[in-house]
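See below for the structure under consideration.
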Amino acid sequence: MSNKFFNRAKKDVMSAVNYICSNKALFVKNPNTDFTRNSKLPLPELIKLILSLDGASTKKEMNKYFNFNIKAPSESAFVQQRDKLKPEAFEFLF
């Protein structure tokens with residue numbers, strides 16, 4: 001497969017991520033409160049992290065994603081942020 005195909009696929013996924021972030025009321029459980037504060041794991045970063053998961057433990061996946069940065073979000077923060085998303089976010093994405 002060509003780079004053109006992969007570039008187009010990446011562009012389409014990022015476009016869908018941007019749509020979800022721009023229309024978060026459709027995709028989060030509590031639109032008035034979810035993803036309103038500045039956090040280490042905002043909605044677009046959370047979605048990208050979830051898409052990058054390979055099946056290792058959450059700790060290993062997060063260390064890899066955040067390049068072993070000491071200031072990376074905790075596993076608990078990841079779980080709490082993930083729980084704010086409705087399944088419809090990923091149904092839309094895929």
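The values are calculated or read from the model by the stated rules, or taken from the named source; none is laboratory data. Predicted model only: the values in this text are computed from it and were never measured. Reconstructed Cβ throughout: ideal geometry from the backbone, glycine too, with neighbour counts over all protein chains shown. Heads up: the accessible areas ignore ligands, DNA and RNA and are worked out on the full protein's heavy atoms, side chains in. Shrake-Rupley method; radii C 1.70, N 1.55, O 1.52, S 1.80 Å.
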Given the criteria within 13 Å of the chain's Cα centre (by Cα), in contact (Cβ under 8 Å) with a residue 60 or more places away in the chain and not in a loop (DSSP other than H, G, I, E, B), does residue 20 qualify?
yes
Checked region 63-74 for anything open to solvent by less than 50 Å² (accessible area, probe 1.4 Å) and under 22 Å from residue 18 (Cα atoms); matches are 66, 73
Taking region 40-62 and keeping residues of a type in the set (Ser, Thr, Tyr) and open to solvent by less than 50 Å² (accessible area, probe 1.4 Å) leaves 52
Picked from region 78-94 (must be out of contact with any helix residue (DSSP H, G or I) (no Cβ under 9 Å at 6 or more places or on another chain) and outside any loop (DSSP other than H, G, I, E, B)), the residue surrounded by the fewest Cβ atoms within 10 Å (Cβ to Cβ) is 91
Checked region 26-39 for anything open to solvent by 60 Å² or more (accessible area, probe 1.4 Å) and either in contact (Cβ under 8 Å) with a residue 24 or more places away in the chain or assigned to a helix (DSSP H, G or I) (or both); matches are 26, 29, 30
Scanning region 1-24 for residues that are of a type in the set (Gly, Ala, Ser) and closer than 26 Å to residue 72 by Cα, the one most open to solvent (accessible area, probe 1.4 Å) turns out to be 22
Contact list, first residue from region 43-71 and in contact (Cβ under 8 Å) with a residue 12 or more places away in the chain, second anywhere and open to solvent by less than 50 Å² (accessible area, probe 1.4 Å) and among the β-branched types (Val, Ile, Thr), beta-carbon distance below 8 Å, six or more apart or interchain, is 43/20; 43/28; 44/17; 47/17; 47/20; 48/17
